[in-house]
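Worksheet: the structure to be examined is printed underneath.
The values are calculated or read from the model by the stated rules, or taken from the named source; none is laboratory data. The shown structure was predicted, so the numbers you read here are calculated from the model rather than taken from an experiment. Heads up, the Cβs are rebuilt from the backbone with ideal geometry, glycines too, and the neighbour counts pull from every protein chain shown. Remember, those area values only see protein heavy atoms, side chains included, never the ligands or the DNA or RNA. Shrake-Rupley method; radii C 1.70, N 1.55, O 1.52, S 1.80 Å.
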Amino acid sequence: MTGIEGARERRVRTGGVDLCVAELGDPAAPTVVLVHGYPDSKEVWSEVAARLADRFHVVLYDVRGHGRSTAPQPLRGGFTLAKLTDDFLAVIDEVSPERPVHLVGHDWGSVQSWEFVTVGRTEGRIASFTSMSGPSLDHFGHWINARVQRPTPRRVGQLLGQGAKSWYVYLLHAPVLPELAWRGPLGKAWPRILQRAERLPAGDYPTSSLPSDAAHGAWLYRDNVRARLRRPREDAYAHAPVQLITPLGDAFLSERLYDDLERWVPRLTRRTLPDKHWIPRTRPDQVASWIEEFVRSVEDGRSSEPKPAGRHAQRFGGQLVLVTGAGSGIGRATAFAFAEAGARVVA
């Protein structure tokens, strides 16, 4: 049985692997597909899924090589973005063959979902995409190139800052070492590390499959990161509305990575949370609420919020700003300026 309480389970065969797919809620309702990251399994979404299941058809699946899904053989070359896209299409063809789905991704679930929402073969199959803590590798590659080709002190600082946050990516490219660490001491210590560093509540997450999940998942990085960052796609434009939820305390990703996102996403909603990386576990109420609001807005054919405007929209769009003395004068003007930039204002 799946680790998601009350879920129905099925197996989906694709590309030589069997994917474990769990479903909650009414299949006649709009379908929300939750894609997990590294080194997780679908159970990372259990709290969010439970909060959405009474209003949506919620689908979760273990990415190939994780949880109760089987791993490709050989592992090398088995985790490319093209094959992950094949898996996603196989899942949604089974669970929602007639209607487009609302896609939600966290960490590497978001990284691969950016591929899903920007390639032509999925167009018309995705109604919306909510991204958390995982950039498009194509957008990331262009972000790096722009700062290398036109360096300024600010841009160099951004590159160095993200480079420091990405220390683990370099280690995951090392042969054998990550697998030994995850199947040994790191795998045993990881639950305690998450509780202390990320303030995750104790419970049934992570699952017992963590050591093998993390060992297999290292190939997500090896099969994709270097190749895509060196040669990012020029056509990586989103063909569905996108909601970006950025935790401001993320230890692995700088919020500056998303500064240029409007270039790639014509219909973008930005939100921020004063929290760390694993928000599906630490903030399930807020995450589920924002997913529901965004999905409803797309289903109803309306924008979920006014489009930010002005020169400061990229910096303050979606952020919560408290303005004191806002009843008149410069305080009032400041409140209006932040609102115009897309901030949520408490006056």
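Per residue, the convex hull spanned by the Cα atoms of the range 137-269 amounts to 147 cubic angstrom.
If you run the Gaussian network model on the chain, springs between alpha carbon atoms under 10 Å, then out of ARG64, ARG150, ARG121 the most flexible one is ARG150. Centre-to-centre separation between the Cα atoms of the range 52-85 and those of the range 233-256: 21 Å.
Once C-alpha pairs closer than 8 Å and six or more residues apart are averaged by separation and normalised to the residue number of the range 149-297, the relative contact order reads 24 percent. Remark: the range 111-123, residue by residue, has Karplus-estimated 3J(HN,Hα) of 4, 5, 5, 4, 5, 4, 8, 10, 9, x, 6, 9, 4 Hz, where x stands for each Gly or Pro and the curve is 6.51 cos²θ - 1.76 cosθ + 1.60 at θ = phi - 60°. Scaling the Cα radius of gyration of the range 1-71 by the globular reference 2.2 N^0.38 Å produces a ratio of 1.04. Accessible surface for the range 104-149, divided over its residues, is 22 Å² per residue with a 1.4 Å probe.
Taking Cα centre as origin and charging only the Cβ of basic (Lys, Arg, +1) and acidic (Asp, Glu, -1) residues, the dipole magnitude of the range 88-166 rounds to 640 debye.
Accessible area per residue for the range 167-317 in Å², computed with a 1.4 Å probe and the full protein assembly in place, what is it?
With the other protein chains kept in place, the range 167-317 gives 50 Å² per residue.
Note on LEU137: accessible area is roughly 20 Å² with a 1.4 Å probe, heavy atoms of protein only. Measuring how big the chain is from its alpha-carbon positions, Rg and Dmax come out at 20.0, 67 Å.
Taking only the Cα atoms of the range 239-347, the ratio Rg/Rh comes out at 0.98, with Rh defined as the Kirkwood radius.
Dimensions of the range 98-174 along the principal axes, based on C-alpha atoms and rounded to the nearest Å, stand at 50, 29, 19, largest first.
Scalar couplings 3J(HN,Hα) for the range 56-69, obtained by applying the Karplus form with A = 6.51, B = -1.76, C = 1.60 to θ = phi - 60°, are 9, 8, 9, 10, 10, 9, 6, 4, 3, x, 10, x, 9, 8 Hz; x denotes Gly and Pro. Tally up the carbon and sulfur contribution to the accessible surface of the chain as a whole percent, 1.4 Å probe, everything protein left in place. Carbon and sulfur together cover 55 percent of it.
When the Gaussian network model of the chain links Cα atoms closer than 10 Å, the mean-square fluctuations of LEU177, LEU24, LEU159 top out at LEU177. When the chain is described by a simple charge dipole with +1 on each Lys and Arg Cβ and -1 on each Asp and Glu Cβ, the residue from GLN195, ALA146, THR122 located farthest towards its positive end is ALA146. When you restrict to C-alpha pairs under 8 Å that are six or more residues apart and normalise by the size of the chain, the relative contact order lands at 17 percent. Helix 81-95 and the longest principal axis of the C-alpha atoms of the chain enclose an angle of approximately 80°.
This model, with +1 at the C-beta of Lys and Arg and -1 at the C-beta of Asp and Glu, gives the range 1-63 a dipole about its Cα centre of some 200 debye.
In order along the range 261-278, phi translates into HN-Hα couplings of 5, 4, 4, 9, 10, x, 10, 10, 10, 9, 9, 10, 10, x, 8, 9, 5, 8 Hz, rounded to whole numbers, per the Karplus curve 6.51 cos²θ - 1.76 cosθ + 1.60 with θ = phi - 60° and x for Gly and Pro. Computed about its Cα centre, the charge dipole of the range 61-201 is approximately 760 debye, with only Lys, Arg, Asp and Glu carrying charge at their Cβ. In this structure, the amide hydrogen of ARG270, modeled 1.01 Å from its nitrogen in the peptide plane, lies closer than 5 angstrom to those of LEU244, counting only residues at least 5 positions away or on a different chain.
Under 5 Å from the amide H of GLY78 lies no amide H of any residue 5 or more positions distant or on a separate chain, with H modelled from the backbone and absent for Pro and chain starts. Here's the picture: charge each Lys and Arg Cβ at +1 and each Asp and Glu Cβ at -1 in the chain, and of TRP278, TYR170, SER96 the one pushed furthest to the positive end of that dipole is TYR170. Normalised by the number of residues in the range 26-76, the mean separation of alpha-carbon contacts (under 8 Å, six or more apart) gives a relative contact order of 41 percent.
Think of the chain as having a plus end and a minus end, set by charges on the Cβ of Lys, Arg, Asp and Glu; of ALA214, ILE291, ALA29, ALA214 sits farthest toward the positive end of this dipole. Where Lys and Arg each count +1 and Asp and Glu each count -1, what net charge lies around ARG11 among other residues with Cβ under 15 Å from its Cβ? Net local charge, ARG11 excluded: -1.
Each 10 Å bin, from zero up to the one with the longest distance, holds this percent of the alpha carbon pairs of the range 45-183: 9, 32, 33, 20, 5, 0. The lysine pair tally for the chain, using Cα distances under 28 Å and a gap of 8 or more places or different chains, is 9.
Among the GluC sites (Glu not before Pro) in the range 106-189, those placed in a DSSP loop whose Cβ has at most 16 other Cβ atoms within 10 Å are GLU123.
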